[in-house]
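A.B. asks: Can you read through this structure? Questions will come right after.
Each reported figure results from applying straightforward, stated rules to the coordinates on display, with no laboratory input. Worth saying up front: this structure is predicted, and the values here are computed from it rather than measured. All Cβ positions, even for glycine, are placed from backbone atoms using ideal geometry, and neighbour counts span all protein chains on display.
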Ligand SMILES: [Zn+2]
């Protein structure tokens, strides 16, 4: 009973300090809290294609891949002769846990973190 009271007091203090805008000293693991939502409020959920978890859209990794039904060697020859080959895009969402587990995103040194790369799956 006493512990929860203390917790509530700490939470009140934390909220107060955060509201004052002097809470920069408080530990924060990521500047963007691990997502790209900003101050938007609520956002829609997407389902992870690997594990089925429902995750916020900005927290998930979006992987787009162009797929053709025709064999790539044959497609190249046909394209040289002027044929138009239909392709379609497959978009998959992967939750961040699966992305790390399957090596879609990897831990990078600080200097390489801001580089944007194509995600492959
Ligand atoms: Zn997943």
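A.B. asks: For the residue pair residue 100 and residue 88, what label-to-label distance in nm results when each label sits 7 Å from Cα along the Cα-to-beta-carbon direction?
C.D. replies: Reported label-point gap for residue 100 and residue 88 is 3.5 nm.
A.B. asks: Rounded to the nearest 0.05, what FRET efficiency do residue 112 and residue 29 give with R0 = 22 Å and r taken as the Cβ-Cβ distance? Could you check?
C.D. replies: About 0.70, to the nearest 0.05.
A.B. asks: For the peptides 100-106, 69-75, what is the packing order when you average, over each peptide's residues, the other Cβ atoms within 10 Å and list the highest mean first?
C.D. replies: Highest mean packing first, the order is 100-106, 69-75.
A.B. asks: Just the number: Rg to Rh for region 52-121, Cα atoms, Kirkwood Rh, two decimals.
C.D. replies: 1.13
A.B. asks: Sort 61-67, 93-99, 6-12 by packing, meaning the average of other beta carbons within 10 Å per residue, with the highest value first.
C.D. replies: Order by mean packing, descending: 93-99, 61-67, 6-12.
A.B. asks: Follow-up question, since we're still on this one. Stokes-Einstein D for region 2-121 at 10 °C, 1.306 mPa s, Kirkwood Rh over Cα pairs, in µm²/s?
C.D. replies: My calculation gives 85 µm²/s for D.
A.B. asks: So how do 44-50, 80-86 stack up, highest first, on mean other-Cβ count within 10 Å?
C.D. replies: So the order, starting with the most tightly packed, is 44-50, 80-86.
A.B. asks: Return the calculated 222 nm mean residue ellipticity for the chain, to the nearest 500 deg cm²/dmol, obtained by summing -39500 (n - 2.57) across DSSP H runs with n ≥ 4 and dividing by the residue count.
C.D. replies: Only helices count here, giving -8500 deg cm²/dmol.
A.B. asks: Further question on the same structure: Per 0.36 nm of contour for each residue apart, how much would the distance between residue 77 and residue 49 grow if the chain were fully extended, relative to their Cα-Cα spacing?
C.D. replies: Additional length available on full extension: 6.7 nm.
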